[in-house]
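Undergrad: My questions will all concern the structure given below.
The values are calculated or read from the model by the stated rules, or taken from the named source; none is laboratory data. The shown structure was predicted, so the numbers you read here are calculated from the model rather than taken from an experiment. In this analysis, Cβ positions are derived from the backbone assuming ideal geometry, glycine residues included, and neighbour counts consider all displayed protein chains. The protein model used for the area step is the full one, side chains on, heavy atoms only, and it has no ligands, DNA or RNA in it. Shrake-Rupley method; radii C 1.70, N 1.55, O 1.52, S 1.80 Å.
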Amino acid sequence: MSRDFSIGRRCRPLLCVSLIAAISTPFAASVALANPQLMSEVDSRAATEVSYANFQQWLQDFRQYAAGQGISEATLSNALDGVRYRERVIELDGYQPEFVRPIWEYLDTAVSSTRINNGREKLADHRDTAQQMQQRYGVPAEIIVAIWGIESNYGSNFGDFSTLESLATLAYDGRRRDFARGELLAALRIIDQGDIAAEQMKGSWAGAMGHTQFIPSSFEAYAVDGDGDGRRDIWGSIPDVMASTANYLDRAGWQTGQPWGVEVRLPEGFDYAQTERRSSAEWRSQGVQAQQGELPNFDSAAIVIPAGAEGPSFLVGANFRAILRYNNATSYALAVATLGDAIAGRDGIQQSWPRDKAPLTRDDVQELQRTLNRVGYSVGGADGVMGPNTRQGLRNFQRDQGLIPDGFATQELLEQLRQRSQ
C-alpha cells in the first residue's frame, strides 16, 4: 500500500528551488528577474505545498493500510485527521552532538541532589502505591521511582509532542521509517482499545510516551492498569505508571531480593580484558572486594568499568541487566541504580571519576575506528559509536602495547594509534 514519494522526501521546505525552477513558466522566470525576493518566497511556498501534498498522500495510504489491520474508521478519523508533518521532528532525528558526553557528566545531572530530594518526596507522596507494586512485582519502590525520575523527571518533562504526528513524520521521512511505521500502527491500536484519547497521547519527539517514556509497542507489551479503572494510563495515573514500570522490569528478569550490584575494588594486576560473567565466588577468588561490606552472592555477574581502570568499578548482576532492558546503555542503568540507592538513603559511588580526561568527539571516535581497522584490529564500520566491537579492538591494541586493556578511549590512546599507523 505504501508509495515511494522520493521527490517529496528530498523536497522539504526551502530546499526545492531546482524542482520549482523545472516547473516554472516563462512568465515566472520574468518575474524572478524583476523581483528575486518575491520569487524566492513563491518558491518556498510552492516547495512547502509539494512536501505537504506528498505527506498527505503517504498518510492516506497508511490510513488504508491501518484499516486493513483492523483499526476502526472512528479511530482513524479521530487520530489521523489533521495530523501534520513536523519538520522539527526530522531536525531532532538527524541531530548528533559533536561530543560524546562523559558518563560522569551524565550522572551529575541524572543523579543530582535535586533529583534525589524530589525522588524522596515522590516516594513519600506515593509510598502506598509504590509498596503495593513492590509486593506485586518484586521490584523495590526506590527503583520504580528512580526510573520515573530518569525517564521524565517525575513527570515534569515527558514531552508535549503529539505521538501520532511524531511517528507519522518519522515513518514518512525519518532514519528508521519501517520501525516508526510499526510504532504508529501500535499507537492507533492503543487508541482503538480505549486506553487514551488521540489528543492526549503526548510524549517526546521520538514517540516515547508519558511518565514512563514507553514507545507504543512497549506500552502494548508492558503497560498495566494499576488503579483498576479499566485503562492503562501512563500519562495521568501514577498507579498505572508505577505498575507499568515494575511490570517491565519483572518481565525483563528482575530477581526479587537481589541488589543491582555493588561498587568494588579490583586487585593489582587484574585482567581488565575479562568480559565474561562469573559467579561472585569466582570474582572473589581473583581478589575482587566490595568497596563497602561484602560481595553479593550472584550466580552470574560481570565487572563493569565505564570509565576505564582509573574510574569506579562495579560488580553487576541480573537486576542491572534488567534495567539495561529498559534502556541498553551502561550510563542509564548506573544512573537508575545509583539514584535508587540515593533515594533509599544508601551511599553513592565512592571512587572518583577521571574528570581530567577530555572526551572524544564523534569524529575522533570515527578516526579511532578507522585507525584500528587500518593497523589490524578489526572493529567494523566507523560509525562514531563506542560499541562492543570497538572496545574489544581497543583492548587488543592496549594489550599488545603493554597497557591496561580496559577499552576506555582517551585522547592519549588516539594519539598513540595515529603514531602507530604512520
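Undergrad: Here is a list: Gln37, Gln96, Gln69. Which entry is modelled with pLDDT of 95 or more and either open to solvent by 80 Å² or more (accessible area, probe 1.4 Å) or under 15 Å from Gly174 (Cα atoms) (or both)?
TA: That would be Gln69, the only listed residue that is modelled with pLDDT of 95 or more and either open to solvent by 80 Å² or more (accessible area, probe 1.4 Å) or under 15 Å from Gly174 (Cα atoms) (or both).
Undergrad: Given (1) touching a Gly at 6+ places or on another chain (Cβ under 8 Å); (2) open to solvent by 50 Å² or more (accessible area, probe 1.4 Å); (3) farther than 25 Å from Ser313 by Cβ, identify the lone condition not met by Gln369.
TA: All conditions are met except number (2).
Undergrad: I need every pair where a residue in segment 351-370 that is of a type in the set (Ser, Thr, Tyr) has its Cβ under 8 Å from the Cβ of a residue that is not in a loop (DSSP other than H, G, I, E, B), sequence separation at least 6 or different chains.
TA: Close Cβ pairs satisfying both conditions: Thr361/Phe99.
Undergrad: If you take the residues of segment 330-339 that are crowded, with 22+ Cβ neighbours inside 10 Å and of a type in the set (Val, Ile, Thr), which of them is nearest to the chain's Cα centre (by Cα)?
TA: Taking the candidates together, the pick is Val336.
Undergrad: Inside segment 101-150, can you point out the residues that are under 26 Å from Gly308 (Cβ atoms) and hydrophobic (A, V, I, L, M, F, W, C)?
TA: Residues satisfying the conditions are Ile103, Trp104, Leu107, Ala110, Val111, Ala146, Ile150.
Undergrad: When segment 374-415 is examined, which residues are found to be open to solvent by less than 20 Å² (accessible area, probe 1.4 Å), outside any loop (DSSP other than H, G, I, E, B) and not polar (S, T, N, Q)?
TA: Gly393, Leu394, Phe397, Leu413, Leu414
Undergrad: Further, regarding this structure: Quick one: which helices (runs of 4 or more DSSP H) lie wholly within segment 238-329 and hold at least 1 residues that are buried (at least 20 other Cβ atoms within 10 Å of the Cβ), in contact with a helix residue (DSSP H, G or I) (Cβ under 6 Å, 6 or more places away or on another chain) and in contact (Cβ under 8 Å) with a residue 40 or more places away in the chain?
TA: Fully inside segment 238-329 and qualifying: 238-251, 318-326.
Undergrad: Restricting to segment 211-221, count the residues that are open to solvent by less than 40 Å² (accessible area, probe 1.4 Å) and without any contact (Cβ under 8 Å) to a residue 60 or more places away in the chain.
TA: Here the count works out to 4.
Undergrad: Restricting segment 340-364 to residues that are touching a Leu at 6+ places or on another chain (Cβ under 9 Å) and open to solvent by less than 30 Å² (accessible area, probe 1.4 Å), which is modelled with the lowest pLDDT?
TA: The residue in question is Leu360.
Undergrad: Under 6 Å by Cβ, and 6 or more places apart or on different chains, what pairs join a residue from segment 163-182 that is closer than 19 Å to Gln96 by Cβ with one that is of a type outside the set (Lys, Arg) and not in a helix (DSSP H, G or I)?
TA: Correct list of pairs: Ser166/Trp205; Ser166/Gly207; Thr169/Tyr85; Ala180/Gly174.
Undergrad: Is it the case that segment 198-210 has a residue that's surrounded by fewer than 18 Cβ atoms within 10 Å (Cβ to Cβ), of a type outside the set (Gly, Ala, Ser) and in a loop (DSSP other than H, G, I, E, B)?
TA: No: zero hits.
Undergrad: Go through segment 80-93 and give me each residue that's assigned to a helix (DSSP H, G or I) and open to solvent by 30 Å² or more (accessible area, probe 1.4 Å).
TA: Residues of segment 80-93 that are assigned to a helix (DSSP H, G or I), as a first pass: 80, 87-93.
Of everything in segment 80-93, those that are assigned to a helix (DSSP H, G or I) and open to solvent by 30 Å² or more (accessible area, probe 1.4 Å) turn out to be Glu87, Arg88, Glu91, Leu92.
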